[in-house]
Structures are given as C-alpha cells and as structure tokens.
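The values are calculated or read from the model by the stated rules, or taken from the named source; none is laboratory data. Because the structure is a prediction, the values reported are computed rather than measured. Virtual Cβ from ideal backbone geometry, glycine too; neighbours counted across all protein chains shown. Heavy atoms of the whole protein, side chains included, go into the accessibility calculation; ligands, DNA and RNA do not. Shrake-Rupley method; radii C 1.70, N 1.55, O 1.52, S 1.80 Å.
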Amino acid sequence: MLKKKSILDKLFLCIILNLIPSAMLGVFHIQNKIYTILYGIVYIIQTILLFLETKNAYSKAPKKIVILLVTMILNCCFAITYTGLKFGNIDYNEIIFSLSFIINILIMIIGVYKEEIKKVELIRFLENMSKLGIIASLINILFNYKIIMKLSTLTNSYNANLSSFFPNRNQFGTFMLMMIISISLLLHFKRERKYYIYCIIFIINLVLSMSRNAILSLVIYGIILIYLKYIKGNIKFSKRKIFILYIMLIVVILLIGFILKNQQFMKVIETLFIRADSLESGSGRFEVWKNGFFIFANFNPFFGVGRFKAIQINKELLGSDLDYFHSIYVEKLVYHGIIGILTLYFLFKIVWKKIVYSNIDKNIKDILKAAFICFLIISMFETTTRFSIGYADTMSLIFFFTFPILVSNLKNDN
C-alpha cells in the first residue's frame, strides 16, 4: 500500500518545480519568453497540486482571515479600476498578477491554517531541503572553484557570479539562508555531525555569494536567535559551551586583528563585500524608494495603481529602468496603497500570532520567530515576495508563511 504524501511533501515538490525554470535560466541562459512560459506552466501545476491538497480546509477558515482575503480582492479590483479610468487602458498582466496574488493567499495561507503535520513528516521535509542545499552548494563550488581560488585578484565583485545554478547571487544567497534555517530546525531533532558540517558548508556558500542582503540576513538571524534562546530565554551555559564560546571569541578577535593589519585582505573585503562606492546610493534603492513614494502620494494613495502601472510610471515618468522597488513595503504602498499596507500588516500578524501561541517546543518556536523577524527586516531592503508567480515569490511565500504555519500545527507525539 502506497504511503499518503503529506502537504510538506507537496510543498517540497513545488520548490523543486520552481527551481527548474530558474536553473535553466541560470545555467543554460534560456530566452526570457521560454522562461516566462515555463513559470506559467509550473504555477498552474503548483496551484492544482496545492488546491487539491487544501480544498477541504476553506469552509473551516477563521472569519478574520476570510475578511482579510475579501479586503485584498476588493483592493486589487479598485486598483485595476482606477488605472482603467485614469489611463484609459488595463494591462492584462495586472489581472494575472492580481489573480495569482489572491490564489496564493488562499491556498498557501488560508488553506494550510489548520493543517496538522507530524514530526516524521517535518523531519523528512528538512532532510530533503538539506540535501537540496548540499547539491546547490557543491554545484556552486564545482562551477566556480577557479574563481574561488583567485578571489584576492578580483577588482569587482560582479566579476565573480558565485550563484550555483541560480540566475543571480542574491537568489542563491537567500536560498542558502533558507537552508541554514532548515538545518537549524533539523539539528533540533537530529544532532548528527553531518548536519553541523552541512551548516558550515551553507554559511561558506552564502558568504561566497557576496550578496550583502544575504550576509546581513544571516547576521540578523543569528543575533535574534541568540537573543531569544540565551538572553530572553535565560538559558544557562554549560561549562563545555562556555569553553567553546571562549575559544570562538579568541579566534574571532585574532581574525579581526589579522584583517585590520593586512591591507591587501582589507582591500579584498572592501572590494568584494562592502562595496562602499554603492552604499551612498543604496545601490539605487534610495532613488527608487523616492520614486515609489512619489507615485503613492500623487496617484492613488488609498488603493494604489497596481504593479504594472507602477513600473510603467517609474520608467516613463520618473526615468528609472528598474522593474521593482527593492522593498516589499514600498512596493505594497505603490501597488495597493494604504489599504494594501494595512492588509500586509494583518497578514504578518496572523503568521506571527500563529507561531507565538502555538504549542510547539520553545527551541522550534525561537527558530521560527528569528526567521520571521529576519524576513521582516530584510524585506525593508529587498522585494522578498509579491505573493505572485515566480521563484522568489513562491520560495519566500512557502518558507516564511506557509511553512511556519504548518510547523506551528505540529502534532504532539504523545
């Protein structure tokens, strides 16, 4: 008799499916048209797969979440209606975007809100994620070992696109962050030496991506996790842990001393990682954020102008060539106005309360809290998800929304 697949197995399959077009673009450089078609096919398969899995859950959805969904639907409709009346045309892509946005909220948040999972299913998912992370890490090293050996000779970090099979290093860096969070959870259940080694490999690959956002995210995640576990949690250190911490502190001090004294090494760090020349402009973020606030204030501050009209205004009226606003909060203000940012806040609140008031082990809860807070912070500087179609949207939605909700519903073995 075949074993029934859990929803986590279906989610992992969705992750694999979303990686296929992304990998084909990153490795084989397929045409954008083919890439878009592939993602359309992947999205249809993913939607059918998850809808069939969650179809019985919608009648049990809490009233507050149903009201939130209805508000989001009306918000999208008002944004589309506004652009149609003001500009005389409606981009069909906006309708597709709005439909995918609503469908994803429906099946990946409302549909899983009360879905229970078992510990064995969670461990299997985390093990599969760790294997996927190791494959991506090894491919990155295999593809780029020559560049890695010559990092000190590089004059520009963009000459070293250490991104495994991903189209860009930011995607790869964020993927490695997700793998580190996954391995943190897996180590709670299985304290095996190989998983500690996996974690080190993931951290090395994340740093090698030279993605400042990913490196900052890792630091934030680590600090928050230490605070929740050891400072707020008042966990006392054993003598062995104190000894290890002293050793680590000494090593860190020695490394900092070596870096500060070695001018050549400092130059490599500044060139490849800090990139001070782009910090003043926020790598173009400050300008595009200003454009976003201009569109928000001057067009439709209550319901927004929608995604594609916002991009068009940003390009044609404000002279920017970017297709996004480098911040989930700025984008939401531009796309869906004040109502949109309020619905986003309540969506965050739903996930946060689900984690906080769950009956799961405190260590698991701390990891989920640290990961979600990290997501909220990095979303200030990056478009982590639009809750729509595509690899980045789907991965962030699954990993920072669907997954925490499911883990919060983890069944007690007893």
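Using a/c under 1.5 as the rounded threshold, could you call segment 66-222 rounded, prolate or oblate? The axes a ≥ b ≥ c are square roots of the C-alpha gyration tensor eigenvalues, and prolate needs a/b larger than b/c, oblate otherwise.
It is oblate, given that a/c is not under 1.5 and a/b is not larger than b/c.
Between Ile123 and Phe258, what is the spin-label point distance in nm, taking each point 7 Å from the Cα along the Cα→C-beta axis?
Label-label distance for Ile123 and Phe258, simple model: 3.8 nm.
Please give every one of the aspartates and glutamates within straight-line cross-link reach of Lys55, meaning a C-alpha to C-alpha distance under 13 Å, and leave out same-chain neighbours fewer than 8 residues apart.
Answer for Lys55, where 13 Å is the Cα cut-off: Glu115, listed by chain and number.
If the cut-off is a Cα-Cα distance under 28 Å, which lysines reach Lys290, setting aside same-chain residues fewer than 8 apart in sequence?
Here the lysines satisfying the reach criterion relative to Lys290 are Lys86, Lys309, Lys315, Lys332, Lys349.
Over the chain, average the accessible area per residue using a 1.4 Å probe and give it in Å², no decimals.
That works out to 52 Å² for each residue.
Long-range amide H contacts for Leu410: which residues qualify at under 5 Å (H placed 1.01 Å from N, peptide plane, sequence gap of 5 or more or a different chain)?
It is Ile117, by chain and number.
Going by the alpha-carbon gyration tensor, a ≥ b ≥ c the square roots of its eigenvalues, is the chain rounded (a/c under 1.5) or, if a/c is not under 1.5, prolate (a/b greater than b/c) versus oblate?
Oblate shape, in that a/c is at least 1.5 and b/c is the bigger or equal ratio.
Going by Cα centres, segment 317-376 and segment 163-217 are how many Å apart?
Comparing the Cα centres of segment 317-376 and segment 163-217, I get a distance of 21 Å.
Counting only protein heavy atoms, what percent of the accessible surface of segment 1-94 is carbon or sulfur at a 1.4 Å probe? Show your work: numbers first, answer last.
Working: 4090 of 5780 Å².
Carbon and sulfur together cover 71 percent of it.
Return one quarter of the surface area of the convex hull spanned by the alpha-carbon atoms of segment 21-116, equal to its mean projected area, in nm².
The orientation-averaged projected area of the Cα hull of segment 21-116 comes to 8.2 nm².
Going through segment 164-218, which trypsin sites (Lys or Arg not before Pro) have at most 16 other Cβ atoms within 10 Å and a DSSP loop state?
Working: sites: Arg169, Lys190, Arg191, Arg193, Lys194, Arg212; in loops: Lys190, Arg191.
Here the sparse-neighbourhood loop sites are Lys190, Arg191.
So what J values fall out for segment 96-104 if you push phi through Karplus, 6.51 cos²θ - 1.76 cosθ + 1.60 with θ = phi - 60°, rounded to Hz, Gly and Pro as x?
Going residue by residue, I get 4, 4, 5, 4, 5, 4, 5, 4, 5 Hz, with x marking Gly and Pro.
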